[in-house]
Amino acid sequence: MKYQQQELLDALAVDFILGAMKGAARKRFQRLMMQQPSARQTVWRWEQHLNPLAESLPATAPDEAVWQRIRQRLGWTAATAPVAPARTGKYWLALATAASLLLAVIMLRPLLLSPVSQDIAVIQTSDAKAWWLVSKAENTLRVKSTAAVTDDAQHDYELWMLPANGQAPISLGLLPQQGERTLGWPVEAEGIQIAALAVSLEPIGGSITGAPSGPVLFTAEIVTL
């Protein structure tokens with residue numbers, strides 16, 4: 001394999017960090033990192049990009065069953081009957097949030113491998129079920145819908161940018177109910193810091209008032225890569 005090609009190293013590093021690289025392939029890449037400084041530097045760079053996604057997750061207590069198995073493997077305790085995990089709603093919400101962020105990185109990886117700085121956001125429900133994945137690079141938005149999106153033939157979903165300076169929301173366009181869509185960044189939003197994104201339910205064709213006219217269904221923060 002041509003490990004000197006940076007594009008290949010980027011793809012391998014992302015797979016390695018996300019845990020998608022398994023078995024012999026993972027061991028080969030670990031050996032490569034020991035032998036090739038550029039491989040180590042690439043992994044380090046992608047860790048700096050992807051760590052903010054992990055840091056945005058809420059802290060959760062480890063599953064007691066996991067700790068029990070670790071103690072047994074280390075010989076600290078004798079083997080016992082499996083401990084029933086405390087599957088609280090908060091625990092599973094954190095797990096679902098992590099899965100949504102992982103899904104976003106995997107689906108948008110071709111964009112993330114670009115050297116251009118990008119912003120990404122996961123638009124999801126309160127129980128962390130992702131509906132849309134958004135990536136902004138320079139003046140272009142790329143939006144991918146997931147299978148969770150509820151098709152609504154009577155309405156459109158409209159995406160809004162919420163300015164950090166408190167100005168009125170700025171429409172970024174209509175979201176796809178299936179597949180993906182590319183949206184241009186509006187001129188009126190240039191140079192304005194983004195506080196968050198929001199999605200409202202609007203009549204077909206979008207709001208005619210220049211502001212959200214239907215219920216705001218989702219809000220999402222943006223992570224810069």
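The values are calculated or read from the model by the stated rules, or taken from the named source; none is laboratory data. Note that the structure is predicted; figures quoted are calculated from it, not measured. Reconstructed Cβ throughout: ideal geometry from the backbone, glycine too, with neighbour counts over all protein chains shown. Heavy atoms of the whole protein, side chains included, go into the accessibility calculation; ligands, DNA and RNA do not. Shrake-Rupley method; radii C 1.70, N 1.55, O 1.52, S 1.80 Å.
The table that follows gives values for the structure above.
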| quantity | calculated |
| --- | --- |
| Loop sites in the stretch 160-208: GluC sites (Glu not before Pro), DSSP, at most 12 other Cβ within 10 Å | Glu190 |
| Gain on full stretching of the segment that runs from Ala24 to Leu217 - 0.36 nm per residue minus C-alpha separation | 65.0 nm |
| Asn165 versus Met34: modelled label distance in nm, points set 7 Å from Cα along the beta carbon direction | 5.5 nm |
| Interchain or long-range residues, amide H under 5 Å from Trp131's placed H | Ile123, Gln124, Thr125 |
| Residues of type aspartates and glutamates that Lys144 reaches as a straight line, Cα spacing below 17 Å, ignoring anything fewer than 8 places off in the same chain | Asp119, Asp152, Asp156, Glu158, Glu180, Glu221 |
| Accessible surface ranking that places the most exposed of Leu197, Leu217 first, with a 1.4 angstrom probe | Leu217, Leu197 |
